[in-house]
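The values are calculated or read from the model by the stated rules, or taken from the named source; none is laboratory data. This is a predicted model, so every value here is computed, not measured. For neighbour counting, all protein chains shown are included, and Cβ atoms are generated from backbone atoms with ideal geometry for every residue, glycine included.
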Amino acid sequence: MQRRSAEVKEGEKARPAAAKAPTPPKPAKIDLAGIENRIVALPLPAGDYLELVAGKPGTLYFRQAAGGNRFAERTATLSRFVFDTRKTEKLAERVASFDLSADGEKMLLALLPESTSAGRGAGAGPARPTYVIVSRECADQARRRHRCRSPICRCASIPQPEWNQMYHEVWRVERSYFYDPNFHGVNTVEERENGSNHMCSRSLRAAT
């Protein structure tokens, strides 16, 4: 009897303990009373700040657009604010966008040319930025080093299947969102097929 009891106890020890249910997270509570007294204002002038990105502990990166009316060319300056010194460091000018690496050591900058209109004819479209990868400490040297050469991307398309897809997409959207469920008595399936046959016989965009 004692031996059987010992075997039962050994068997109970061998069985793994049941997994405990995960503890639900505690609900977050924001104490709004007097919150204006706990907010730390940054000593930055009023302006048009386009991006705010947290970097290494104690640093904040941001782009600030230059002033001007809505018709003027607007450029942005990339800067870094250091909380310990409470000072702003200008890193690069004419920055169209930037991406900071996960470790905060490097960044990818899209830099606009010094003059977006120099040597460009009318209707040339927006200026293409130059992409560079730089250290967070030497972004001011971005225009002279670490350029990323990206080839021009070309995408070939076959017009007829593309137009056919566009045609059926329009019919699908109209069928789903038309205000009259009965389509004013129009046989949409028949009309769609008639138009589809017409689309298949077209070879030029102007002919559609």
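Taking the numbered list (1) under 29 Å from Glu114 (Cα atoms); (2) assigned to a loop (DSSP other than H, G, I, E, B); (3) at pLDDT 80 or above; (4) of a type in the set (D, E, K, R) in turn, Arg74 passes all entries but (3).
Put simply, of Pro45, Pro16, Pro24 the only residue that is out of contact with any helix residue (DSSP H, G or I) (no Cβ under 7 Å at 6 or more places or on another chain), more than 30 Å from Thr75 (Cα to Cα) and at pLDDT 80 or above is Pro24.
Of all residue pairs spaced 6 or more apart or on separate chains, those with beta-carbon atoms under 7 Å, a first member in the stretch 79-101 that is closer than 18 Å to Gly58 by Cβ and free of Cβ contacts under 8 Å to residues at least 12 places away in the same chain and a second member that is assigned to a strand (DSSP E or B) and basic (Lys, Arg) are Glu89/Arg80. Only one entry of Gly104, Gly58 meets the criterion of being surrounded by 14 or more Cβ atoms within 10 Å (Cβ to Cβ), modelled with pLDDT of 85 or more and either within 22 Å of Ser135 (Cα to Cα) or touching a His at 6+ places or on another chain (Cβ under 7 Å) (or both), and that entry is Gly104.
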